[in-house]
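Accompanying notes for the structure given below.
The values are calculated or read from the model by the stated rules, or taken from the named source; none is laboratory data. No experiment lies behind these values; they were computed from the predicted model shown. Note: ideal-geometry Cβ built from the backbone for every residue, glycine included; neighbour counts use all protein chains shown. Please note that ligands, DNA and RNA were not included when accessible areas were found on the heavy atoms of the full protein model with its side chains. Shrake-Rupley method; radii C 1.70, N 1.55, O 1.52, S 1.80 Å.
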Amino acid sequence: MGWWPGDRETTGVLVPAPRGREHETDADGETDLLLAAHGGDARAAHLLGRHFAQQGDRSAARHWWERAASAGNMDSAYNLGVWHEKHGSLREAVRWYELAAGVGDVEAAVNLATLLLEQRGDVPAARRWFETAARAGSRTAARRLALICEDGGETKAAGEWHRRAATDGDLASAHDLGFLAYAFGEEDETLRWWELAARGGHTDAAYHLGLFLRANQDPEGAEAFYRLAARNEHPGAASQLGGIALSRGDLRTARAWFERAAHTGRIDDQRTAGFVCVELSDPRAASHWFGRAAAGGDPEAAFNYGLLLIAEHNDLRGGQHWFRQAAQAGHRRAAAELASLLSAAGFPREAEQWLSDPPSPAWDRAAEPELVARAELTAAAVARRGGAPLKACDLTEILGTWDLVTRPLRDHADVMAWLTRQSGLHPGAVEHLASVRATLLRPGTAPWPTPAEVEHVLATARDLRARLGPR
């Protein structure tokens with residue numbers, strides 16, 4: 001909060017309070033301090049500044065802190081840095097912070113580095129001050145320094161600073177260490193840091209640890225950490241718990257979890273909530289969730305919403321509208337239903353177009369939970385530091401397609417040659433698909449794929465599925 005009483009401009013601003021709060025003056029105390037301060041007592045001047053700051057008198061506070069700082073009181077120099085950061089000039093804030101930081105004031109060094117980084121964009125100078133503060137024991141500085149190193153591609157140095165911060169109790173750095181370890185295929189370290197962060201209350205770490213355990217075929221351990229994350233309202237954890245309940249045939253529990261996730265706007269969970277409501281014979285709720293997902297652009301939800309509109313309300317126009325939306329997004333069953341409606345409505349030519357030139361098939365199969373978890377972990381790892389985003393659904397389709405088309409094989413020793421021979425695709429395309437798949441399943445074997453690579457490999461996967469997938 002702001003540290004000037006009643007100051008609307010600074011209310012809610014996360015800045016440290018001025019130092020000197022141990023001295024709460026009354027009228028007589030103020031008189032004594034004034035006498036001492038006028039006599040050259042730096043500490044008295046510093047406490048007077050604090051006293052006037054508490055009263056909301058900015059001008060008097062600044063006056064006495066300047067006198068105290070000039071006489072060597074570094075708490076006052078620090079306070080003047082805070083004062084100018086909020087009420088004065090950036091240049092003056094830097095000057096006073098530098099004065100205090102230069103004689104070992106750790107908080108001043110952190111504030112100075114933050115200003116230099118966020119206001120001036122001076123990364124080298126900010127880094128020097130963060131390092132000074134981190135070596136003096138500042139957990140905050142160690143974490144900020146780790147993030148600067150990550151941005152600069154200095155992964156080893158980033159890990160060292162994150163480790164300092166995490167060892168000192170920074171849960172966010174423990175979470176980041178887990179991701180760094182995961183990217184390098186260091187599974188024991190991944191488990192160690194995510195478990196530390198999760199048990200300390202870091203919700204994302206609990207969720208990612210759940211995914212990690214699921215990817216390593218430990219469903220019981222995964223469920224325990226999903227529940228830990230869900231207690232703190234993590235929508236992804238709620239979705240995973242919905243899937244677990246669904247696999248056990250517990251539709252009511254599944255519905256509760258999926259609806260918790262769906263209320264946060266997650267389209268996949270809105271669609272799944274719709275399916276569960278259909279199974280529970282609640283078409284009104286199913287229409288609600290299918291409608292929300294369809295409005296968000298989900299073709300499967302649009303198709304099922306169209307079916308419900310026709311079956312429950314005899315709304316042929318609404319059904320046709322949503323079938324068209326789904327068909328245009330690649331949903332083949334929607335295209336067939338749309339053609340049927342158009343033919344019955346007296347539009348045989350358009351109906352024939354949908355039947356003769358159906359859209360390319362979309363991925364509509366459920367992948368193994370371990371593959372889904374790997375896809376989500378990769379997408380999260382790439383997005384963590386602002387990398388070009390990858391869609392978990394695309395990565396799942398890549399992994400799921402390979403799993404689907406290689407099921408007929410008993411011996412996978414020469415799988416790429418078999419795929420090339422059976423599909424007629426260029427060997428390089430199949431090798432590229434295999435390489436990306438290996439990276440997703442065994443992190444650390446290669447850098448994460450770029451969005452362009454994923455798009456290219458996804459096209460190969462779809463071509464393979466069209467040629468070799470079950471009819």
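Some observations on this one:
- DSSP-loop trypsin sites (Lys or Arg not before Pro) across region 402-448, with at most 16 other Cβ within 10 angstrom: ARG410
- Rg/Rh for region 203-261 (Cα atoms only, Rh after Kirkwood) is 0.95.
- Neighbour-limited loop hits for GluC sites (Glu not before Pro), region 187-241 (at most 14 other Cβ within 10 Å; DSSP other than H, G, I, E, B): GLU233
- Against the chain, whose longest principal axis comes from its Cα atoms, helix 123-135 is set at around 70 degrees.
- Rounded to the nearest whole Hz, the Karplus-based 3J(HN,Hα) values (6.51 cos²θ - 1.76 cosθ + 1.60, θ = phi - 60°) of region 281-290 follow the sequence 6, 10, x, 5, 5, 4, 4, 4, 6, 4, with x at glycine and proline.
- Alpha-carbon Rg with Dmax, taken over region 287-360, Å: 11.4, 33
- If only the Cβ of Lys and Arg carry +1 and only the Cβ of Asp and Glu carry -1, the dipole of the chain around its Cα centre is close to 880 debye.
- Farthest positive-ward along region 137-258 dipole, Cα basis, beta-carbon charges - from ALA142, TRP194, LEU251: LEU251
- With each label modelled as a point 7 angstrom along the Cα→C-beta vector, the ALA295-GLN328 pair spans 1.8 nm.
- The accessible-area ordering, largest first, of the residues SER435, SER247 stands as SER247, SER435, per a 1.4 angstrom probe.
- When Rg and Dmax are taken over the Cα atoms of region 389-469, they come to 12.0, 36 Å.
- Each residue of region 316-323 is assigned a 3J(HN,Hα), and the resulting list reads 5, 5, x, x, 4, 4, 6, 4 Hz, derived from the Karplus form 6.51 cos²θ - 1.76 cosθ + 1.60 (θ = phi - 60°), x at Gly and Pro.
- For region 105-121, Karplus couplings with θ = phi - 60° (6.51, -1.76, 1.60), whole Hz, Gly/Pro x: 6, 5, 4, 5, 5, 5, 5, 4, 4, 5, 4, 4, 6, 7, 9, 9, x
- Put a dot 7 Å past the Cα of ALA136, heading toward its Cβ, do the same for VAL103, and the two dots end up 1.2 nm apart.
- Taking only the alpha carbons of region 149-300, we obtain Rg and Dmax values of 18.2, 57 Å in that order.
- For the chain, calculated [θ]222 nm from helices alone, where every DSSP H run of n ≥ 4 adds -39500 (n - 2.57): -23000 deg cm²/dmol
- Selected from THR406, PHE225, SER59, residue furthest toward positive end of dipole (the chain; charges at beta carbon): THR406
- The listed residues HIS208, HIS63 rank as HIS63, HIS208 when sorted by accessible area, largest first, using a 1.4 Å probe.
- Beyond 20 Å, the tail of the calculated P(r) for region 250-320 holds 21 percent of the Cα pairs.
- Candidates per trypsin sites (Lys or Arg not before Pro) in region 227-270, loop by DSSP, up to 12 other Cβ within 10 Å: ARG231, ARG248
- Among the protein heavy atoms of region 249-332, carbon and sulfur supply 47% of the accessible surface, probe 1.4 Å, non-protein parts ignored.
- Ligands, DNA and RNA excluded, the heavy atoms of ASP282 present near 40 Å² of accessible surface to a 1.4 Å solvent probe.
- Matching label, Kirkwood radius over Cα pairs in Å computed from the structure shown, candidates (i) 25.5; (ii) 22.1; (iii) 26.8: (iii)
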